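Quick notes on the structure that follows.
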Amino acid sequence: MSDQVAKPSRHHVWRITLRALSKSWDDSIFSESAQAGFWSALSLPPLLLGMLGTMTYVAPLFGPDMLPNILRQLISTAHSVFSPSVVNEIIEPTVRDIANNARGEVVSLGFIISLWAGSSAISAFVDSVVEAHDQTPLRHPVRQRFFALFLYVVMLVVVVVSAPLVVVGPHKVEEHIPLGLSNVLRYGYYPALIIGLTLGVMILYRVALPEPLPSHRLILGAMLATAVFVTATLGLRFYLTWITSTGYTYGALSTPIAFLLFAFFGGFAIMLGAELNAAVQEEFPAPTTHAHRVRTWLFSRSPALKRTVETLASPIANPATQQRDTAPAKPPG
């Protein structure tokens with residue numbers, strides 16, 4: 001008997017599409033997306049406080065103009081994603097205010113609290129990805145919340161370290177390449193932004209799951225999430241521009257509502273991509289990852305380590321986990 005996985009056909013594509021839509025509805029994708037959007041909006045000030053507060057110590061190491069350049073690049077990137085009203089009335093004033101007062105906050109208790117509050121958006125995204133793959137019983141809720149905090153801190157470190165390089169790098173490269181290649185570098189900004197967004201979503205899908213899928217199995221969902229978010233963002237920007245030109249707005253509430261809509265579509269795109277990956281996994285089960293095989297080998301060598309990890313990782317007396325672990329494996333087919 002051959003162990004090769006059947007090649008996808010039109011029938012499989014149709015079944016995967018229907019299954020992804022069905023799972024999205026069963027997992028309440030709209031309410032989960034609204035929850036993720038709410039926490040994203042609520043986490044914006046503490047997220048910027050954590051990032052810019054740390055940046056005030058790191059950026060001056062690269063020169064006195066580095067921090068203003070980073071702020072300009074951040075606001076310019078926000079203009080590429082959000083509508084002008086959201087950037088001008090919410091994001092830019094928040095960035096300017098935090099950048100002027102964040103240095104003293106880093107050494108205060110408020111900064112520690114901001115780390116916890118800022119990680120709420122990451123926690124909402126992790127919860128939605130885990131739920132999409134039906135792996136919620138595999139990780140204790142408290143442990144998952146601290147795991148989201150760990151991911152948030154890692155993200156802050158990566159952003160703080162890479163931001164000066166992202167700002168300085170393109171200008172240094174332009175000084176040493178021909179003019180034609182310089183134009184290519186300038187026009188490649190948006191493709192690079194989309195590729196970076198796709199890679200970021202792939203990393204989230206990979207690290208969020210207690211039992212992660214192979215990296216190549218996450219590409220399709222990450223591409224769908226990026227396409228949905230970019231399409232929704234462009235459509236929302238067009239709609240906001242049109243509705244503003246007609247004079248029919250929500251007054252002072254129009255900008256916060258617009259920002260919440262952007263955050264909602266971000267959560268919707270991430271969860272829809274995760275549901276697609278889960279549907280593909282159901283139709284074509286992937287082999288275990290290398291990390292899973294290494295962990296199995298370590299557990300076989302040290303039963304005490306296995307018992308300790310299982311005690312820390314699994315909820316207490318969880319019927320869903322017990323039923324899954326004790327049920328006999330079904331033959332493929």
* Roughly how many nanometres apart are two label points built 7 Å out from the Cα toward the Cβ at Trp242 and Tyr57? -> 4.9
* Structure fact -> If every Lys and Arg gets +1 and every Asp and Glu gets -1 at its Cβ, then about the Cα centre segment 31-148 yields a dipole, in debye to the nearest 20, of 280
* Rank these for me by crowding, Val126, Val280, Val153, going from fewest to most other beta carbons within 10 Å. => Val153, Val280, Val126
* Asked: What is the spin-label model distance, in nm, from Val157 to Asp65 if the labels are put 7 Å beyond Cα along the C-beta direction?
  -> 3.2
* Using label points projected 7 Å from each Cα along Cα→Cβ, tell me how many nm separate His79 and Trp25, to one decimal. => 4.3
* **Neighbour-count order for Tyr57, Tyr205, Tyr187, fewest beta carbons within 10 angstrom listed first** => Tyr187, Tyr57, Tyr205
* Asked: With a 10 Å Cβ neighbour count serving as the proxy for reagent exposure, in which order, fewest first, do Glu275, Glu89 appear?
  -> Glu89, Glu275
* **For segment 60-66, 3J(HN,Hα) per residue [Karplus equation, 6.51 cos²θ - 1.76 cosθ + 1.60, θ = phi - 60°, Hz, x = Gly/Pro]** => x, 5, 9, x, x, 8, 5
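Where a number appears in this text, it was derived from the coordinates with a stated rule and is not lab data. None of the values given here were measured: they were computed from a predicted structure. In this analysis, Cβ positions are derived from the backbone assuming ideal geometry, glycine residues included, and neighbour counts consider all displayed protein chains.
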